[in-house]
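Written out below as structure tokens is the structure these notes cover.
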Amino acid sequence: MADRLNGTRILILESREEAQFSKLLAEQGAEVVQCPMFTIRDAPDPAPVEAWIRRAIDKPFDDLVLMTGEGLRRIMKLARARALDQALIAALAKSRKFTRGPKPGKALREVGLDAQQTTEKPTTEGVIEMLGKLDLNGRRLGLQLYPDKDHSALTGAIAAQGAEVDTVLPYAYDSKAADANIITAIDEMAEGRIDCIALTNLGQVRRLIDAAKGGGSEAKLRTGFERTLVASVGPAVSGELAAHGLRTDVSPVEDHYFMRPLISAMAAALAKKQVEGT
């Protein structure tokens, strides 16, 4: 239903899919307050990424695990710049492809490929669980990683199954670029001018905490969370909030950890809050 969020101000902290999320919220009548959390940049040194691409072409992986859609898009960007994109796509077509949630699957479809399997839970633990059901002994596995995350549990679990793991980190975060915007958003929450904050990945929680600490706004951040409805897209985000002593008010129903179900859950919670406040 349209106009479910009329009269509400929703703070979103997305960057990779900020435009899409903002559009969906605006279609429901919300005033969207956008705050990019970081800038995504290509890997500072492209040489290791290019070397990974060439290894994938020269000897296609038996298996490919994609952790983010952004990762594949950055890999393809460099491959195109080196005139290797068609050769890479042909090589990846020969691999079994596994994705952490739906976003990498969408990126695969953009280059005409499909994932053989997607995690039930869009988390690293979900990837470990999915791969744990497979026979990886003696197989070469290409693994696309993402920044600001300790991936040792994942790489260790794959290696323990007897696979040869070949990792690539195709992009980096420039987290300092958005600090001033984040502090402004924290002030807005603390002053009660935001009805709901929508969190769609755990990196956003970490960035909020780090920026608040760096800007001397930790107390304001906690005040803001007390005054604002906190919406989480799923268990990974909620777990990160809990780790910092912060609550989750609303989340989509189990196994529906996507934007549209999140928006529906937010609309229901905000409507209930409005009725209780009248």
> If one computes P(r) from the Cα atoms of region 117-258, what percent of pairs lie at distances over 22 Å?
Replying inline: 49
>> Sorted from largest to smallest, which semi-axis lengths in Å does the alpha carbon gyration tensor of region 185-230 give for its equivalent ellipsoid, taking the root of 5 times each eigenvalue?
In response: 15, 14, 7
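Viscosity 0.692 mPa s, temperature 37 °C: what is the translational diffusion coefficient of the chain from Stokes-Einstein with a Kirkwood Rh over Cα pairs, rounded to a whole number of µm²/s?
Numbers: Rh = 20.0 Å.
It diffuses with D of about 164 µm²/s by this estimate.
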> Listing Cys196, Cys35 from the residue with the fewest other Cβ atoms within 10 Å to the one with the most, what is the order?
Replying inline: Cys35, Cys196
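Asn6 to Gln116: extension gain in nm, 0.36 nm per residue of separation minus the Cα-Cα distance?
Values: separation 110, 0.36 × 110 = 39.60 nm, distance 4.05 nm.
In short, 35.6 nm is gained.
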> Which value in deg cm²/dmol, rounded to the nearest 500, describes the helix-derived mean residue ellipticity at 222 nm for the chain, given -39,500 (n - 2.57) per DSSP H run of n ≥ 4 and division by the residue count?
Replying inline: -14500 deg cm²/dmol
> Comparing Ala211, Ala198, Ala177, which has the greatest mean-square fluctuation in the GNM of the chain with Cα pairs linked when under 10 Å apart?
Replying inline: Ala177
> Val253 to Ala177: extension gain in nm, 0.36 nm per residue of separation minus the Cα-Cα distance?
Replying inline: 23.9 nm
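Provide the net charge surrounding Gly7, with neighbours chosen by a C-beta distance below 10 Å and charges set as Lys +1, Arg +1, Asp -1, Glu -1. Could you put the intermediate results ahead of the total?
Values: positive: Arg9; negative: Asp3, Glu31, Asp195.
In short, -2.
Give me Asp249, Asp148 sorted ascending by neighbouring Cβ count inside 10 Å, so fewest comes first. Numbers along the way, then the final one.
Values: Asp249 17, Asp148 13.
Result, fewest neighbours first: Asp148, Asp249.
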> On a 0 to 90 degree scale, rounded to 10, what angle separates helix 69-81 from the longest Cα axis of the chain?
Replying inline: 50
>> With angles folded into 0 to 90 degrees, how steeply does helix 47-58 sit against the dominant principal axis of the chain? Use alpha carbons for both and round to 10.
In response: 50
>> How would Leu145, Leu11 line up from fewest to most surrounding beta-carbon atoms within 10 angstrom?
In response: Leu145, Leu11
> Using the Cα atoms of region 44-169 to build a convex hull, what is its mean projected area in square nanometres?
Replying inline: 6.9
>> Connecting C-alpha atoms closer than 10 Å in a GNM of the chain, tell me which of Thr200, Thr223, Thr68 has the biggest fluctuation.
In response: Thr223
>> Nearest 10 degrees is fine. How inclined is helix 218-227 to the longest principal axis of the chain, computing both from alpha carbons?
In response: 70
>> Suppose each label sits 7 Å from its Cα in the direction of the beta carbon; what would the Arg193-Glu129 distance come out to in nanometres?
In response: 4.1
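From the C-alpha gyration tensor of region 175-278, pull out the three semi-axes of the equivalent ellipsoid (sqrt of 5λ each), sorted largest to smallest, in whole Å. All intermediate terms of the calculation are to be shown ahead of the outcome.
On the way: eigenvalues 102, 58, 24 Å².
Here the semi-axes work out to 23, 17, 11 Å.
Only the coordinates and a few stated rules stand behind these numbers; no lab work does. Just so you know, these numbers come straight off a predicted model, no measurement behind them. Don't worry about glycine lacking a Cβ; one is built from the backbone with ideal geometry, like all the others, and counts go over all protein chains shown.
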